[in-house]
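The values are calculated or read from the model by the stated rules, or taken from the named source; none is laboratory data. Everything quoted here is computed from the prediction, not taken from an experiment. Positions of Cβ are backbone-derived with ideal geometry, glycine not excepted, and every protein chain shown enters the neighbour counts. When the accessible area is computed, the model is the full protein with side chains, heavy atoms only, and any ligands, DNA or RNA have been set aside. Shrake-Rupley method; radii C 1.70, N 1.55, O 1.52, S 1.80 Å.
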Amino acid sequence: MKIVQSNAISVNGMIARENGDEDWLPSEGWDEFVADVAQYGNFIMGRETYELVMKRYPNYNFDNVECNYKIIVTKSRNFIKPDGYVVVGSPEAAVDILEQKGNEIGLLVGGGRLNSSFYAAGLIDEVWLTVCPTILGEGRSFIGTQDLEVDLKLIDAIKLSKDRVQLKYTVIK
């Protein structure tokens with residue numbers, strides 16, 4: 001099974017403002033996310049990403065996305081599993097669930113800490129970054145503060161609408 005990390009980022013690698021706002025992202029990005037999820041049948045995110053999106057977009061959010069597996073990774077024992085989601089305690093457990101169900105690709109759409117934990121465990125096979133034409137002075141990086149070094153090989157570069165570019169890389173292991 002292949003794990004693909006997929007994030008929309010600013011030119012300087014931020015996925016959100018420091019307070020979690022994503023107001024600089026074009027709506028086309030959500031549509032592309034929904035299309036990817038429909039194609040692969042799943043997505044993996046962290047508890048904080050789930051909570052931020054649900055709070056900021058109460059009328060249209062992850063609940064509205066159709067797919068077989070919506071996985072939330074959290075170490076919090078107090079987190080209550082929402083209906084329609086699977087909650088696990090580690091990146092490895094998320095991958096195990098998708099593998100057991102016969103998925104060929106797992107779509108990781110987490111924040112920096114979760115993405116870093118997947119890298120640290122050696123679980124990410126491809127990286128898809130949609131670079132948006134914005135620089136944020138402060139924000140949340142798509143990679144956490146963990147000391148990581150990952151070598152990548154470019155697979156494709158695709159020009160998208162709204163002056164965005166999607167870069168696809170394979171992780172060199």
- Message: Spelling out what I want: for every residue of segment 144-152, take phi, set θ = phi - 60°, compute 6.51 cos²θ - 1.76 cosθ + 1.60 (Karplus), and round to whole Hz; glycine and proline get x.
- Response: x, 7, 4, 6, 10, 9, 10, 8, 10
- Query: How much accessible area per residue does segment 17-173 have, in Å², with a 1.4 Å probe?
  - Reply: 57
- Applied in sequence order to segment 75-87, the curve 6.51 cos²θ - 1.76 cosθ + 1.60 (Karplus, θ = phi - 60°) yields integer Hz couplings, x standing for Gly and Pro, of 9, 5, 7, 8, 6, 8, 5, x, 4, x, 10, 10, 10
- Cα gyration tensor category, rounded, prolate or oblate, for segment 12-74 with a/c compared to 1.5: prolate
- Task: Determine the relative contact order of segment 19-167: mean sequence separation of Cα pairs under 8 Å and six or more apart, normalised by residue count, in whole percent.
- Result: 22
- Query: Over segment 40-115, what relative contact order in percent results from Cα pairs under 8 Å that are six or more residues apart?
  - Reply: 43
- Note on the structure: Candidates 64, 42, 103; GNM for the chain (alpha-carbon contacts under 10 Å) flags as most fluctuating 64
- Task: Leaving ligands, DNA and RNA out of it, report the carbon-plus-sulfur percent of the accessible area of the chain at a 1.4 Å probe.
- Result: 48
- Across all Cα atoms of the chain, Rg and the largest Cα-Cα distance (Dmax), in Å, are 15.1, 42
- Could you calculate the FRET efficiency of residue 101 with residue 159 from 1/(1 + (r/R0)^6), where r is the beta carbon distance between them and R0 is 30 Å, rounded to 0.05? 0.30
- Message: Taking 8 Å as the Cα distance limit and 6 or more residues as the minimum spacing, I'd like the relative contact order of segment 1-93 as a percentage.
- Response: 21
- Most packed first (mean Cβ within 10 Å per residue), the peptides 124-130, 72-78 order as 124-130, 72-78
- Query: Rounded if a/c is under 1.5, else prolate if a/b beats b/c, else oblate: with a ≥ b ≥ c from the C-alpha gyration tensor eigenvalues square-rooted, which is segment 55-102?
  - Reply: oblate
- Using the Cα gyration tensor of segment 94-165, with a ≥ b ≥ c the square roots of its eigenvalues, what is the shape: rounded (a/c below 1.5), prolate (a/b larger than b/c) or oblate (neither)? oblate
- Message: Let me cross-check residue 108: its accessible surface, 1.4 Å probe, with only protein heavy atoms counted, in Å² to the nearest 10?
- Response: 0
- Message: If you only keep lysine pairs separated by 8 or more in sequence, or across chains, how many in the chain come under 18 Å at the Cα atoms?
- Response: 12
